[in-house]
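The block underneath contains the structure these notes are about, expressed in structure tokens.
The values are calculated or read from the model by the stated rules, or taken from the named source; none is laboratory data. If you're wondering where the values come from, they're calculated on a predicted model, not measured in any experiment. No Cβ is skipped: glycine too gets one built from the backbone with ideal geometry, and neighbour counts run over all protein chains shown. These area figures cover heavy atoms from the full protein model, side chains too; ligands, DNA and RNA do not enter into them. Shrake-Rupley method; radii C 1.70, N 1.55, O 1.52, S 1.80 Å.
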Amino acid sequence: MDHGSMNMQGGPAPADARDPHAYSNGLTLESGPYALPGPRQLRLSDEHAFGSVLLDRLERVYTKDGNATAYDAQAWFGGTYDRLVLKAEGDVAKGKLEEARTEVLWGHAIASYWDTQLGVRQDSGTGPDRTWLAVGIQGLAPYWFDVDATAYVGGAGRTALRLSGEYELLLTQRLILQPRMEVNLYGRRDEARGLGSGLADAAAGLRLRYEFSRQFAPYVGVEWAGKFGQTADFARAEGQRTRETRYVAGVRLWF
Amino acid sequence: MPPLRPFHSPLPLVPARRRFVRGLVAGGVMIGLSPWLRAAAQGLADTRTGAAPVLSGTNIDLVVAESPVNFTGTPRMATTINGSIPAPTLKLREGDTVTIRVTNRLREATSIHWHGIILPYQMDGVPGISFQGIPPGETFTYQFRLEQTGTYWYHSHSGMQEQTGMYGALIVEPREADPIRADRDYVVQLSDWTDEDPMRVLAKLKVQSDYYNYHQPTAIDFFRDVADMGLSRALDKRAMWNQMRMNPTDLADLSGATLTYLMNGVTPAGNWTGLFRPGERVRLRFINGAANTFYDVRIPGLKMTVVQSDGQNVEPVTVDEFRFGPGETYDVIVTPREDAYTIFAQSMDRTGFARGTLAVREGLSAAVPALDPVEWLTMADMMGAMDHAAMGHDMPGMKHDMSGMNHGAMAMDHGQHAMHGMTGGAMAKPSATVRHARTEYGPSTDMRVDMPRTNLDDPGIGLRNNGRRVLTLADLRTIGGPLDPRGAEREIELHLTGNMERYTWSLDGLEFGKSTPVHLKYGERVRVILHNDTMMTHPMHLHGMWSEVETPDGQFLVRRHTIPVQPAQRVSFLVTADALGRWAWHCHLMLHMDMGMFRVVVVS
């Protein structure tokens, strides 16, 4: 017995791995002896589509310079391995959309805990809109970290990289502390949108929610956000802060 | 059914129940009013529970329809057979040819599968495999000859109808005197009920697979462990699970957070009662007709002598407790002498229980035990025969060379047996070489076990060393030995697989829709090895043919129709392919079956 090659998760199949159809002797679900006539009738849930909309953050944001409403949602529709994924994140202040990122992606499972995502991203809000092609990976890293990393290619040679991560720390079965971080980097400056090249902004937050049910959980939290490099310069030129502490109160829900 | 599963549901603003519902005392029963009057008054009769009517003879009519129930305080519609939960107990006689007409008064197709009964495949009742199903308004006539005796059951094999009430006992009485003598004879059918739409339950698990698990490791548990065992051991206890993204409390997909546990269709508060006179031998025919629940059954104060398993008589073995999963049956004999005893059936995940009473008269009850503590799965449940203690505390990456380690006996033993095979040919003993399928190396699985446990004397998580004598597969010996004295001509190895995070279940990493049938040559004797690459116990039910479980040494143990395979365990059994046709083979946890842990078997 070869114990040296032990690996319980993932990895490529060895060349001598068993053929899962080896016992079929050429028969299929639709054909062969005693098959019912016509197309296959028995379809179980592995061939059905499911879907969900998660509002991970729907919150009121309180800062020294004023208040805003922020949202961060992800919806999916499809099967176990291939899904249509929608992501939407943005801020609304004084009735005006300040900043919004909306993505439409094809999510495809490539490993036990990882999906690739391919699609488009549209930025809107202050400044001209930007459209990007998006290539990313989303999943669950060891030790239960939710990770989302996406690279973007836009017009005029623009590139961007967005990394975000979340963790769910169960204090009790219903009281859950959610640390969250996010980093945005850009390949070249985009003055019209106030973005410099390199590390543009980063945020790290802690949200404490109570799950009245799995699907409905109000929370309070605090988030530290910063702008860096040229992006910070642009912000200072506009008279904005480059570091701020935000207090948030909101609700996490899905259906 | 349309390909689109709806996911519209009002947001549940009501807190999920922390404790399981013990239910209404009345359950679905409405006493004092003729069902026909009620039907006239309300359009529908309430579902009868607690005392399934008994139907016998060779001509039986069953009607499938919706009928109201109220187990929790919230009225719901159930799918019932002849208006009762459980469905009527069919008392049939060995050797008889029975004609059972099933009329469908639902708005969707239905079916009835006779679980464990050996019959022609066209009568097996799996829509899309054995027949077309029973469309609304139509009657299907089942006809088959009873070639066997014992305790069995029947249930819908369509959609989620089994979860919503379509299950009943089927007893085949021997033509000659029953070798199992008893003064009283009760069916004790356990099941589970949810007020939710079962499809909605599945859709929720698809979004969040731990939705119903309120026994998850928390920070508070961690600090308690730090206090009890020190920081380093508390971290060790969690390292492997967290690194692998597996949950040590993942014992059941559904829990008391949504389920109400029923005994003969009666809630724990309703307290189903079976009467006896002190000193009588009472036969209890336990049937697990639940859709999703493994039960741990005991009767405090009484020894239970197990005399039958899956309808087949076994050499009597006396125990305090047994675990059984959906699809399995055990007949036990008890000899009560006191006034009252509680029949206590706690769910494997310890989130609730079904309960009834054996008593000398109605209205009595005995103490109801507390639920046993929740136990985390162990390394043996995750990794099989590997000896965790010998591995030390650091397990960097799970990829290290283990040649110098002590593997708790089993895996190595087998390697040696395979080499020193004494009795007969290469097929005398089940192969110990693990052969994962190519399709297990992808997103459909979350783990693979390279060194499975093959010992059958493990009662399983939550029952080990609990101070009670708990039945295991290794205790069972079918009287009379195997039906077919031949050894296996070949081996079929199938792996039970899944990915909890994605909530998908499969065999060899392939869900039903991507699978091809397993072909058996008519008349051949074949060995099947089921190898569990998941952390859950799966009750695997092969239709149409018996599964003759053997020891790791290839010695016959017990004839079954449903075989529970524990986490990281490898169980082998022999099958004689003597039943032409197409048959279903699946995990009897309904949601696992529905997510694709299902194969077609073709015998030709």
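I'm checking my understanding of the structure. Among residues of the stretch A:151-171 that are more than 19 Å from residue A:87 (Cβ to Cβ) and assigned to a strand (DSSP E or B), which one is most open to solvent (accessible area, probe 1.4 Å)?
A:169
Against the definition (out of contact with any Pro (no Cβ under 7 Å at 6 or more places or on another chain) and closer than 26 Å to residue B:592 by Cβ), how does residue B:141 come out, yes or no?
For residue B:141, the condition - out of contact with any Pro (no Cβ under 7 Å at 6 or more places or on another chain) and closer than 26 Å to residue B:592 by Cβ - is not met.
From the set of residues in the stretch A:28-68 that are part of a loop (DSSP other than H, G, I, E, B) and aliphatic (A, V, I, L, M), which is nearest to the other protein chains (Cβ to nearest Cβ)?
Looking at the filtered set, the residue picked out is A:42.
Exactly one condition in (1) more than 20 Å from residue B:528 (Cα to Cα); (2) basic (Lys, Arg); (3) at pLDDT 95 or above is not met by residue B:399; state its number.
Evaluating residue B:399 over (1) more than 20 Å from residue B:528 (Cα to Cα); (2) basic (Lys, Arg); (3) at pLDDT 95 or above leaves (3) as the failure.
Right, residue A:97: in contact with a Gly (Cβ under 6 Å, 6 or more places away or on another chain), open to solvent by less than 20 Å² (accessible area, probe 1.4 Å) and more than 14 Å from chain B (Cβ to nearest Cβ) or not?
Spelling it out, it is not the case that residue A:97 is in contact with a Gly (Cβ under 6 Å, 6 or more places away or on another chain), open to solvent by less than 20 Å² (accessible area, probe 1.4 Å) and more than 14 Å from chain B (Cβ to nearest Cβ).
Which one of these is open to solvent by 40 Å² or more (accessible area, probe 1.4 Å), outside any loop (DSSP other than H, G, I, E, B), within 14 Å of chain A (Cβ to nearest Cβ) and modelled with pLDDT of 95 or more: B:491, B:501?
Sole residue among the options that is open to solvent by 40 Å² or more (accessible area, probe 1.4 Å), outside any loop (DSSP other than H, G, I, E, B), within 14 Å of chain A (Cβ to nearest Cβ) and modelled with pLDDT of 95 or more: B:491.
Among A:149, A:200, which is the only one that is away from chain B (no Cβ under 11 Å), under 30 Å from residue B:444 (Cβ atoms) and in contact with a Gly (Cβ under 9 Å, 6 or more places away or on another chain)?
Every option except A:149 fails the conditions.
Here is a check on your reading of the model: is residue B:433 facing chain A (nearest Cβ under 10 Å) and either under 25 Å from the mean Cα position of the chain (by Cα) or open to solvent by 10 Å² or more (accessible area, probe 1.4 Å) (or both)?
yes
Restricting attention to the stretch B:206-222, and to residues there that are part of a helix (DSSP H, G or I) and among the β-branched types (Val, Ile, Thr), which single residue is least open to solvent (accessible area, probe 1.4 Å)? Break it down into steps so the answer makes sense when it comes.
So the first thing to find is which residues in the stretch B:206-222 are part of a helix (DSSP H, G or I), and the list is B:206-207, B:219-222.
The next check asks that each one be among the β-branched types (Val, Ile, Thr); those that pass are B:207, B:220.
On the way: B:207: 44, B:220: 84 Å².
The residue in question is B:207.
Could you tell me whether the stretch B:595-603 includes any residue that is at the interface with chain A (Cβ under 9 Å from one of its Cβ atoms), assigned to a loop (DSSP other than H, G, I, E, B), modelled with pLDDT of 95 or more and more than 22 Å from residue A:22 (Cβ to Cβ)?
yes
If residue A:127 meets every condition in (1) in a strand (DSSP E or B); (2) open to solvent by 30 Å² or more (accessible area, probe 1.4 Å); (3) touching a residue at least 60 places away in the same chain (Cβ under 8 Å) apart from one, which number is that one?
Failed condition: (1).
So if I check each of B:515, B:547, which one is touching a strand residue (DSSP E or B) at 6+ places or on another chain (Cβ under 7 Å) and within 13 Å of chain A (Cβ to nearest Cβ)?
On the way: B:547 fails: within 13 Å of chain A (Cβ to nearest Cβ).
After applying the criteria, what remains is B:515.
Which residue pairs have Cβ atoms closer than 8 Å, lie 6 or more positions apart in sequence or on different chains, and pair a first residue in the stretch B:362-382 that is within 14 Å of chain A (Cβ to nearest Cβ) with a second residue that is basic (Lys, Arg)?
Sorted first by the residue in the stretch B:362-382, then by its partner, the pairs are B:374/B:350; B:380/B:453.
Please verify whether the stretch B:48-64 includes one or more residues that are more than 30 Å from residue B:580 (Cβ to Cβ), of a type in the set (Lys, Arg) and surrounded by 23 or more Cβ atoms within 10 Å (Cβ to Cβ).
Looking for residues that are more than 30 Å from residue B:580 (Cβ to Cβ), of a type in the set (Lys, Arg) and surrounded by 23 or more Cβ atoms within 10 Å (Cβ to Cβ), one finds at least one in the stretch B:48-64, hence yes.
Looking for whichever is in contact with a strand residue (DSSP E or B) (Cβ under 9 Å, 6 or more places away or on another chain), of a type outside the set (S, T, N, Q) and open to solvent by less than 20 Å² (accessible area, probe 1.4 Å) here; the options are A:53, A:92, A:85. Which one fits?
A:85
Considering the stretch B:528-544 alone, what residues qualify as being polar (S, T, N, Q) and either more than 26 Å from residue B:252 (Cα to Cα) or open to solvent by less than 10 Å² (accessible area, probe 1.4 Å) (or both)?
Once the filter is applied, which keeps residues that are polar (S, T, N, Q) and either more than 26 Å from residue B:252 (Cα to Cα) or open to solvent by less than 10 Å² (accessible area, probe 1.4 Å) (or both), the stretch B:528-544 yields B:532, B:534.
Report yes if residue B:203 is part of a helix (DSSP H, G or I) and open to solvent by less than 20 Å² (accessible area, probe 1.4 Å), otherwise no.
Answer is yes for this residue.
Kindly provide the set of residues from the stretch B:545-569 that are open to solvent by 10 Å² or more (accessible area, probe 1.4 Å) and within 20 Å of the chain's Cα centre (by Cα), ordered by number.
Passing the criteria: B:546, B:559, B:564, B:566.
Within the stretch B:560-588, how many residues turn out to be within 13 Å of another protein chain (Cβ to nearest Cβ) and in a loop (DSSP other than H, G, I, E, B)?
Qualifying residue count, the stretch B:560-588: 5.
If you check A:107, A:79, which single one turns out to be in contact with a Leu (Cβ under 8 Å, 6 or more places away or on another chain), crowded, with 17+ Cβ neighbours inside 10 Å, at negative phi and not polar (S, T, N, Q)?
Answer to the check: A:107.
Can you work out which of the residues in the stretch B:226-248 that are open to solvent by less than 20 Å² (accessible area, probe 1.4 Å) and assigned to a helix (DSSP H, G or I) is farthest from residue B:502 (Cα to Cα)?
The extreme case among them is B:234.
Report yes if residue B:480 is in a loop (DSSP other than H, G, I, E, B), modelled with pLDDT of 95 or more and among the small types (Gly, Ala, Ser), otherwise no. Explain how you work it out, then say what you get.
Working: in a loop (DSSP other than H, G, I, E, B): yes; modelled with pLDDT of 95 or more: yes; among the small types (Gly, Ala, Ser): yes.
Criteria met by residue B:480.
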